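Working notes for the structure below.
The values are calculated or read from the model by the stated rules, or taken from the named source; none is laboratory data. Quick caveat, the model's predicted, so the values are computed rather than measured. Every residue, glycine as well, gets a Cβ built from its backbone with ideal geometry; the counts of neighbours run over all protein chains shown. Areas reflect the complete protein model, heavy atoms only, side chains present, ligands, DNA and RNA absent. Shrake-Rupley method; radii C 1.70, N 1.55, O 1.52, S 1.80 Å.
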Amino acid sequence: MTLGPIPNELLGDDIYIQKPVEHGWINYRIYNVRVERSSSIESGYPDNPLEKTKLTVWIDCVNSKPQRDIFCGMRILYNEEIFDIVNIKPLRAGTLHHLKITAIKAGDHIP
């Protein structure tokens, strides 16, 4: 089975991938991606509920540019907020079609 690329009209967002280096982070811009943001409230301590903010990012293997290797442990900078990449799922249709990346807002980790 073959699939065409994700249509450009669904890929209107830009992100920065932050790669760790010896003294900080290097930013790589990737444009023409799709970002969906979600937030939820989880019970942390009884008097201190925790807000959890998550991004789901789709990177198309044809229309998203430039193509980069992305790994868990890297971060995403989106709308001036930092998210830790916690899951990367490659989706194939014969060949690699797109990546589905899950990232949670830095600092939103459950202790």
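One quarter of the surface of the convex hull around the alpha-carbon atoms of the chain equals 8.3 nm², the direction-averaged projected area. A simple spin-label model places the labels of Lys19 and Tyr31 2.0 nm from each other, with each point 7 Å out along Cα-to-Cβ. The aspartates and glutamates whose alpha-carbon is closer than 16 Å to the alpha-carbon of Lys89, local same-chain residues fewer than 8 away aside, are Glu36, Asp60, Asp69. Solvent exposure of the chain amounts to 64 Å² per residue of accessible area, where only protein heavy atoms count and the probe is 1.4 Å.
Of Trp25, Gly4, Ser64, which is farthest on the positive side of the dipole of the chain, counting Cα position, with +1 on Lys and Arg Cβ, -1 on Asp and Glu Cβ, and the Cα centre as origin? After comparing all options, I get Gly4.
By accessible area, using a 1.4 Å probe on protein heavy atoms only, the chain has 51% of its surface on carbon and sulfur.
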